[in-house]
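Data first, discussion second: the structure below is written as structure tokens.
Just so it is clear, none of the values below were taken in a lab; they were calculated from the coordinates. Every value quoted in this text rests on a predicted model; they were computed, and no experiment measured them.
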Amino acid sequence: MTIDPAKEPVIARESALAPSRSAVDALLREILRDVLVLDAELVGGFSGETGLFGHLPELDSMAVASLFTEMEDRLDIIIEDDDVDGEMLETYGGLLAFAEAKVVTAPAGGDNSI
Amino acid sequence: MALVFDQGREPRLLVLPALFGEANQTRRQIAEAMRRLDLSGVDSFLPDLPGCNESRQPLEMQTLEGWRTAAQVAAAHFGATHVLAIRAGCLLAPPTLPGWRYAPTTGAKALRGLLRARTIAAREAGTAETIEGLSVIARAQGLELAGWSIGAGMFSELEQAVANADSQQAVIEQNDIGGAGLWLRAEPGYDPEQADMLAALVAMGMLEP
């Protein structure tokens, strides 16, 4: 699947509908690009099998913390301590599957106010 | 101590930094934006919060209320006409001062980032810590998070802290600036285009007739 990461999709927070899979995919690539300061083309070329933790030198433990914080913020989800395991960070596909599952189960109209 | 561009000009901007780690990651960027404002004819002031940078007070003794008071005192001291607050620094902005809140965030979110950094580091070291477990300890006795000593009072205040809804400040979102926020980066960075845009937005608001 190719997504142009230059396009910046925005989840309609007002909508009770969960964002589509492609919207989650595009947002997740955007977050990885922003947090790890990676080239948009590189992130756009990630496949499901692309290795993340242990493969990208940029993704150290501090970056993981930033990554989760941004995922919570932009995808309007909560990542619990128990959610974090090796599998979810091993590949891009694993992280995307995790994010999709979280977005689907997140309560509609979650509090994202500031 | 404060980073100051002061030529006694009329438009005078109090800058309130992001908090904790984000303060370090954004400091150069903010200083560069202040330099641009100086060239545009705006005086600006970035004070050290008590317990931070060159302040000699211990960080663990500080409270959010104390920082809010310090922001008020700094506004009066420098004769600020406007305020630019960044990220969780927006929680400190004197509500009656006009200006901007740049990418504001809540105290709870600021703490969550620090708590998560600690739990992930602990996991790598083979010890089990949870965000909830650490929060219980922090509320009772304070806690060191990612190198920042946060007292029990500060922690509890931050958990509840949201920006004042009645404030006189407009919100600048990161989308208005373009690119990714500098606070996301692992190392302190600098983005000249973002600094240009931030300074331009603020200068336009302060210099309009």
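Which three numbers, in whole Å and largest first, are the semi-axes of the equivalent ellipsoid of the range B:107-160 derived from its Cα gyration tensor as √(5λ)? Please list the in-between numbers first.
Values: eigenvalues 67, 23, 18 Å².
Here the semi-axes work out to 18, 11, 9 Å.
At q = 0.08, 0.09, 0.14 Å⁻¹, work out log10 I(q)/I(0) for chain B with the Debye formula, treating every Cα as an identical point scatterer and leaving solvent out; two decimals please.
-0.27, -0.34, -0.81
Give me the percent of Cα-Cα pairs in the protein assembly as shown that sit more than 32 Å apart, rounded to a whole number.
On the way: 15709 of 52003 pairs.
Counting pairs separated by more than 32 Å, the tail of P(r) holds 30 percent.
Based on the Cα gyration tensor of the range B:51-152, what are the three equivalent ellipsoid semi-axes, each the root of five times an eigenvalue, rounded to whole Å and given largest first?
Largest first, the range B:51-152 gives 30, 15, 11 Å.
Could you give me D for the range B:49-97, from Stokes-Einstein at 4 °C and 1.567 mPa s, where the hydrodynamic radius is the Kirkwood radius over C-alpha pairs? Units µm² s⁻¹, please.
Values: Rh = 11.4 Å.
Here the translational diffusion coefficient equals 114 µm²/s.
May I have the convex hull volume per residue, in Å³, for the Cα set of the range A:21-105?
85
To the nearest 10 degrees, how steeply does helix B:21-39 sit against the main Cα axis of chain B, on a 0 to 90 scale?
0
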